[in-house]
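Please read the structure below before turning to the comments.
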Amino acid sequence: MAVSKPLIKRKEYLITEIIHETPDVDIFSITPPDNEIMEFDPGMFVMLTHVSADSKEVTRAFSIASSPTTCVLDFYIHMIHGQLTSKLENSKLGDKLLVTGPYGQFRFVPSEEKKVLFIAGGTGLAPMMSMLKQIKDQSTGTDVALLYSVRYPNEIIRKEELKSLESEIGLNTTITVTRESEQHWDGERGHINSQMISRHVPDYAERTVFVCGPLEFVKAMRTATSELNINSIKVKADVWG
Ligand SMILES: Cc1cc2nc3c(=O)[nH]c(=O)nc-3n(C[C@H](O)[C@H](O)[C@H](O)COP(=O)(O)OP(=O)(O)OC[C@H]3O[C@@H](n4cnc5c(N)ncnc54)[C@H](O)[C@@H]3O)c2cc1C
């Protein structure tokens with residue numbers, strides 16, 4: 001794999017795969033024509049720009065979900081029919097996107113974090129998945145507990161991959177479903193709170209906590225970790241709102 005220094009200027013990437021992962025989330029994979037992918041740490045994000053035929057640009061931030069050890073960048077994109085996501089709805093394989101980055105301080109450094117707790121809401125799983133792939137690809141031996149919240153069972157992103165990670169890296173996963181529906185679900189239910197954290201991850205005090213999701217979700221997790229007397233220095237958050 002060819003690796004270049006972090007990019008400041010924009011670079012053209014091509015869409016190589018689009019997976020309709022859940023009713024609302026598509027996974028987009030992009031790769032640069034020269035295969036020279038940027039260097040990044042899991043947890044970081046890029047700015048993606050769509051350029052229309054009339055040269056009008058729309059730019060939004062997206063967390064990288066793929067491992068830094070591959071030649072593609074994956075994104076878990078909640079298709080909310082907004083300005084950029086409606087452009088992406090109509091995009092096809094081979095279409096161009098401009099990429100700037102990487103950016104962000106929400107970074108995972110395996111040599112510094114031996115025991116971690118990942119708390120993700122919805123597409124907030126993206127940066128965690130990048131971290132999990134690095135942990136697996138580089139056999140870092142990191143001890144990871146994951147609390148992942150979705151509204152409905154059919155909104156779980158990469159369900160099979162998460163399952164495989166349980167045996168591959170010893171991932172301790174708890175998925176919680178927050179809304180009632182007729183879909184079958186015999187796992188955890190309700191919003192993540194301090195009781196749920198201590199029930200599923202009793203050694204939370206020994207872990208660095210990474211939280212990612214919408215603003216209200218991150219606020220609730222700050223309250224939950226504070227109730228557990230987890231030092232805020234040990235809580236790293238990436239807010240999308
Ligand atoms: C650092 C960072 C990383 C991000 N990573 C991701 C990611 O990995 N995946 C991802 O899907 N998004 C991510 N986002 C959000 C993303 O940048 C866009 O805001 C989102 O895709 C909507 O853009 P849009 O142009 O389609 O909608 P806009 O036209 O900007 O917004 C349309 C309307 O929808 C509302 N809205 C915006 N976002 C959401 C949402 N998520 N759910 C419901 N309503 C919303 C807005 O308030 C607005 O009213 C990230 C944001 C940041 C700051």
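A few points about this structure:
- FRET efficiency, residue 206 to residue 160 (Cβ-Cβ, R0 35 Å, nearest 0.05): 0.75
- Farthest towards the positive end of the charge dipole of the chain, among the residues 162, 230, 117, is the Cα of 230, using unit charges on the Cβ of Lys, Arg, Asp and Glu.
- For the stretch 115-239, the pair-distance distribution built from all alpha carbon pairs, in bins 5 Å wide starting at 0, is 2, 11, 23, 25, 21, 12, 4, 1, 0 percent.
- Over the chain, DSSP H runs of length four or greater, each weighted -39,500 (n - 2.57), average out per residue to a 222 nm ellipticity of -6500 deg cm²/dmol.
- Look at the dipole of the stretch 1-139 built from charges on Cβ: of 103, 85, 20, the Cα furthest out on the positive end belongs to 103.
- Within the stretch 173-217, the GluC sites (Glu not before Pro) that combine a DSSP coil assignment with at most 10 other C-beta atoms in a 10 angstrom radius are 180, 182.
- Size-normalised alpha-carbon gyration radius of the chain, reference 2.2 N^0.38 Å: 1.00
- Kirkwood hydrodynamic radius over Cα pairs of the stretch 2-73, then Stokes diffusion coefficient at 37 °C and 0.692 mPa s, in µm²/s: 246 µm²/s
- The residue 223 and residue 71 beta-carbon pair, evaluated with R₀ = 51 Å, returns a calculated FRET efficiency of approximately 0.80.
- Dipole size of the stretch 100-148 about its Cα centre, with +1 on Lys/Arg Cβ and -1 on Asp/Glu Cβ: approximately 40 debye, rounded to the nearest 20.
- If the segment from residue 184 to residue 59 were pulled out straight at 0.36 nm per residue, it would be longer than the present Cα-Cα gap by 41.2 nm.
- Length released on extending from residue 17 to residue 111, taking residue separation times 0.36 nm less the Cα-Cα span: 30.6 nm
- Surface listing: 179, 158, 107 arranged by accessible area from highest to lowest gives 179, 107, 158, probe 1.4 Å.
- Taking 7 Å steps out from each Cα toward its Cβ at residue 233 and residue 151 produces label points 3.9 nm apart.
- Solvent-accessible heavy-atom area per residue, rounded to whole Å², over the stretch 108-232 at 1.4 Å: 46 Å²
- Assigned charges on the beta-carbon of Lys, Arg, Asp, Glu; the chain dipole about Cα centre (debye): 600 debye
- For residue 237, nonlocal amide neighbours, meaning residues 5 or more places apart or on other chains whose placed amide H falls under 5 Å from its own, are 211.
- With a Förster radius of 25 Å applied to the beta-carbon distance between residue 103 and residue 195, the computed FRET efficiency rounds to 0.10.
- Electrostatic dipole magnitude of the stretch 98-241 [Cβ: Lys, Arg +1; Asp, Glu -1; Cα centre; debye, to 20]: 320 debye
- DSSP-defined beta bridges in the chain - what % are antiparallel, rounded to 5: 50 percent
The values are calculated or read from the model by the stated rules, or taken from the named source; none is laboratory data. Here the structure is a predicted model, which is why all the values come from computation and not from measurement. With ideal geometry, Cβ positions are generated from the backbone for all residues, glycine too; neighbour counts draw on all protein chains shown. Keep in mind that these areas ignore ligands, DNA and RNA; they rest on the heavy atoms of the full protein, side chains included. Shrake-Rupley method; radii C 1.70, N 1.55, O 1.52, S 1.80 Å.
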